[in-house]
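The values are calculated or read from the model by the stated rules, or taken from the named source; none is laboratory data. Note that the coordinates shown come from a computational prediction; the quantities given were computed from them, not determined experimentally. Ideal geometry is used to build each Cβ from the backbone, glycine not excepted, and the neighbour counts take in all protein chains shown. Protein only, heavy atoms only, side chains kept; ligands, DNA and RNA dropped before computing areas. Shrake-Rupley method; radii C 1.70, N 1.55, O 1.52, S 1.80 Å.
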Amino acid sequence: MSVTESLNTIRKELEGTSAKLVAVSKTKPNDLIMEAYDAGQRVFGENKVQELVEKQVVLPKDIEWHMIGHLQRNKVKYIAPFVHLIHGVDTVKLLKEINKEGKKNDRVIPCLLQIHIAAEETKFGFSINEIEEFLASDLLDELTSISIVGLMGMATNTTDEAQVRSEFSGLKSLFDHLKSTYSRPQLDLKDISMGMSGDYRIAVEERSTMVRIGSTIFGARDYSGK
């Protein structure tokens, strides 16, 4: 299927759900991104800062660029002027850096806090105890150039659908708990980003509001030279 056909198939699946589609365009050339753009897609996700910056410069300015990969603190400054949403904020130190760069650019940068929900050690993210401790502290009140708009999580890479569902369900329960427990000016919990090409259907059933889909739209990735 073409990019347009794949995109339309996924859109039809998502109709009537709460899930917004983030088209993951990492490693993909601009002509394929433009095919998706011409088909009406406006929200794209990248996981490498350099690639994101290069694409943002030349592609249409009404694209919402989401940073979905692991973000190093020394790279925040390059995307701070334009990034629409940062999905993978996994430490307080990173949040402080985003706040600093937000101030420099005179803007409030929306962020999702990444929660470690997978069984794999390699995944990043806050533990439940860490997130509770942070949201209960006064530190958040000082971070006036960020807005925490939700949570993000990556399920275990497994064929065990029951495990994946349990991890997504647990993240949704945590989201509901935090939303009802904490109230701060910089806290506006409305989004829960979970689900990728291999597990987005389960994530949607568990009430994800954002799915990050790449290979199902654009085909297998080519990492040669990356």
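The table below gives the values:
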{"item": "In nm, spacing of pseudo-spin labels at Gln163 and Lys96 (7 Å Cα→C-beta vector)", "result": "3.6 nm"}
{"item": "Asp176 paired with Arg11, simple spin-label distance in nm, labels 7 Å along Cα-to-beta-carbon", "result": "3.2 nm"}
{"item": "Net charge over other residues, Cβ less than 11 angstrom from the Cβ of His87 (K, R count +1; D, E count -1)", "result": "-2"}
{"item": "Spatial separation of Cα centroids for the range 44-85 and the range 152-191, in angstrom", "result": "24 Å"}
{"item": "Å² per residue, accessible surface of the range 96-226 at 1.4 Å", "result": "49 Å²"}
{"item": "Listed residues Asp199, Asp138 arranged by accessible area, highest first, probe 1.4 Å", "result": "Asp138, Asp199"}
{"item": "Unit Cα scatterers, Debye sum, the chain: log10 I(q)/I(0) for q = 0.08, 0.11, 0.12, 0.13 Å⁻¹", "result": "-0.28, -0.53, -0.64, -0.75"}
{"item": "Percentage of interatomic Cα-Cα distances in the range 18-82 larger than 17 Å", "result": "35 percent"}
{"item": "Anchor Lys96: aspartates and glutamates whose Cα lies under 14 Å away (excluding residues fewer than 8 positions away in-chain)", "result": "Asp138, Asp141, Glu142"}
{"item": "Sequence-distant lysines (8 or more away, or on other chains) whose Cα lies within less than 20 Å of Lys61", "result": "Lys20, Lys26, Lys28, Lys48, Lys77"}
{"item": "Under the Karplus curve 6.51 cos²θ - 1.76 cosθ + 1.60, θ = phi - 60°, whole-Hz ³J(HN,Hα) for the range 143-160, x wherever Gly or Pro sits", "result": "8, 7, 10, 10, 9, 8, 9, x, 10, 9, x, 10, 6, 4, 7, 8, 8, 7"}
{"item": "The chain, accessible surface, carbon-and-sulfur percent (1.4 angstrom probe)", "result": "48 percent"}
{"item": "Shape call, the range 1-133: gyration tensor on alpha carbons, a/c limit 1.5", "result": "oblate"}
{"item": "In sequence order, calculated HN-Hα J values of the range 208-215 (Karplus, 6.51, -1.76, 1.60; Hz; x Gly/Pro)", "result": "5, 9, 8, 10, 10, 10, x, 5"}
{"item": "Accessible area, probe 1.4 Å, largest first, for residues Glu132, Glu101", "result": "Glu132, Glu101"}
{"item": "Along each principal axis, Cα extent of the range 160-223, largest first, Å", "result": "43, 27, 18"}
{"item": "Size of electric dipole in the range 87-188: Cβ of Lys, Arg +1 and of Asp, Glu -1, about Cα centre, debye, nearest 20", "result": "360 debye"}
{"item": "Compactness index (Cα Rg / 2.2 N^0.38 Å), the range 94-226", "result": "1.14"}
{"item": "Relative contact order, percent, the range 1-144 [alpha-carbon distance under 8 Å, six or more residues apart]", "result": "15 percent"}
